[in-house]
1. Given R₀ = 30 Å, what would the calculated FRET efficiency be for residue 4 paired with residue 172, taking r from the Cβ atoms and rounding to 0.05?
2. Return the long-range amide H neighbours of residue 149 (sequence gap of 5 or more, or a different chain), with a cut-off of under 5 Å between placed amide H atoms.
3. Taking the alpha-carbon centroid of each part, what is the distance from segment 129-148 to segment 1-49 in angstrom?
4. Between 19, 115, 33, which gets the highest mean-square fluctuation from a Gaussian network model of the chain, Cα cutoff 10 Å?
5. Any idea which of 24, 63, 142 is furthest toward the positive side of the dipole for the chain, if Lys and Arg beta-carbons carry +1 and Asp and Glu beta-carbons -1?
6. Taking amide H positions as placed in the peptide plane 1.01 Å from N, state which residues far from residue 99 in sequence (5 or more) or on other chains have amide H under 5 Å from it.
7. Given the options 61, 162, 47, state which has the largest fluctuation in a GNM of the chain using a 10 Å cut-off (strictly under) for Cα springs.
8. Please list, in order along segment 161-171, the HN-Hα scalar couplings obtained from phi with the Karplus expression 6.51 cos²θ - 1.76 cosθ + 1.60 (θ = phi - 60°), rounded to whole Hz, x for Gly and Pro.
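The values are calculated or read from the model by the stated rules, or taken from the named source; none is laboratory data. All values reported here derive from a predicted model rather than from experimental measurement. Quick reminder, even Gly has a Cβ in these numbers, built from the backbone with ideal geometry, and neighbours come from all protein chains shown. These area figures cover heavy atoms from the full protein model, side chains too; ligands, DNA and RNA do not enter into them. Shrake-Rupley method; radii C 1.70, N 1.55, O 1.52, S 1.80 Å.
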Amino acid sequence: MIERVGFHPDLASDKREHYYRSHGTTFNALRKYHGVDARDFFSFVHDIPLERHLAPEPELDGMLERLPFEKVVFTNSDGAHVERVLNRLGICRHFSRIIDIFALDLVNKPDLRAYTRALCLISARPQECVFVEDSPANLLPARELGMTTVLVGGDIKPAGVDFQIPRITLLEKLFTK
């Protein structure tokens, strides 16, 4: 926001938070108000050394291996970044597809259109899906459509969320006996 749009450094953080809350993503507001190009935006913000922030996750890899259903990433991010993250974590092999912001025609969660587009892309009915997310706001449209919802993290389970787990590696306990 500072380098590409010209925000004053003292204002950028508050403006980013405002944009995120009012538009679902900072990108949406930057695109709407400042004409920011999607591919340039994602390339710029994701040009980070993942090895400084992420390490392989063998426990997560094992848990995903044991879950007996197809796994798809549905993200407000771009697929190239998601693939880099999944590879860095050592879990990319578990996901049959990445549905990114470009596959969603730049419509993002929590907009209901993003969910219906994602369902169409994977040829699934909502009742066949478990939607796992760390944002309560992103879970509500999934639940409204009929998906089973799982919140990862948080202190209080919000209304409209089926399950809450403190960390993702506990997901399998909800679906295996």
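1. Using R0 = 30 Å, I get an efficiency of 0.15.
2. Excluding prolines and chain starts, which carry no amide H, the hits are 131, 162, 163.
3. Here the two parts' Cα centres lie 25 Å apart.
4. 33
5. Farthest towards the positive end: 142.
6. 73, 74, 75
7. The residue that fluctuates most here is 47.
8. 10, 6, 9, 9, 10, x, 8, 4, 5, 8, 4
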